[in-house]
Amino acid sequence: MKLRRALPIALAATAFLLSGCGGDDEPPTSTATASSDAASASTVASGGADDGESLNEAFAAVLMEQQLTESPDEALCAANGIISTMGEDRLAELGMTADNIGEMSDYAFTEDEQTSMLGQLFDCIDISVSLRQEYLDSGLTEEQAACVVEQLDVEALEDLASSGPEGGDAAIAAQAEAEVDAFAECGVEG
């Protein structure tokens, strides 16, 4: 069987953010954030909001379009955390608005901002669920996908990817090596 190499969410998130965006260890705690998550989940799932779309909803929609998560709740959590951490004023200063999110590489985020944003993604997105789905989509069976994800140290990959641009490069190499080992351990032929 010829396997398409899965692009794990940890690396997709790193590529998405390091081309402009990255984590704080604390998840967002605002009660307004939690209530807006529930109210906006169906809007994000449908790909956006009406003309009055908030920056949070627009950012969450981009995260889903980039396939960083299939969960509207996870996308909103990450968007809310990123926006809360960065501040709408800073994002506006960089030119990001609900109507104009664009490519992350279009924004001059500092390395610390990129790292912080990536951490917010990892605080909200269940990487193992996304990894499992990537492996299923690449042709692995349910049993093989579960085995490979179990073999990977997802938390270590998140930590490595969150350590900044150099960490992102190292995470890519570490992920490739970890996948080879996990595939062998699980009897998956590549």
Does Gly119 qualify as being of a type outside the set (A, V, I, L, M), over 29 Å from Gly187 (Cα atoms) and part of a helix (DSSP H, G or I)?
yes
Test result for Asp37, farther than 26 Å from Gln114 by Cβ and at pLDDT below 50:
no
Picked from the range 89-108 (must be in contact with a Ser or Thr (Cβ under 9 Å, 6 or more places away or on another chain) and either among the small types (Gly, Ala, Ser) or not in a helix (DSSP H, G or I) (or both)), the residue least open to solvent (accessible area, probe 1.4 Å) is Ala98
Would you please list the contacts, defined by Cβ atoms under 7 Å and residues six or more apart or on different chains, that run from a residue in the range 115-142 that is farther than 17 Å from Glu158 by Cβ and open to solvent by 20 Å² or more (accessible area, probe 1.4 Å) to a residue that is part of a loop (DSSP other than H, G, I, E, B) and modelled with pLDDT under 85?
Gly139/Met1; Gly139/Leu3; Gly139/Arg4
Residues satisfying the stated conditions in the range 172-190, i.e. open to solvent by 60 Å² or more (accessible area, probe 1.4 Å) and of a type in the set (Val, Ile, Thr):
Ile172, Val180
Residue check: is Ser163 out of contact with any Pro (no Cβ under 9 Å at 6 or more places or on another chain), at pLDDT below 90 and assigned to a helix (DSSP H, G or I)?
no
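The values are calculated or read from the model by the stated rules, or taken from the named source; none is laboratory data. Being a predicted model, the structure only gives us computed values, none of them experimental. Please note: Cβ atoms are built from the backbone with ideal geometry, for glycine as well, and neighbour counts cover all protein chains shown. In case anyone asks, the SASA skips ligands and DNA or RNA and just uses the protein heavy atoms, side chains included. Shrake-Rupley method; radii C 1.70, N 1.55, O 1.52, S 1.80 Å.
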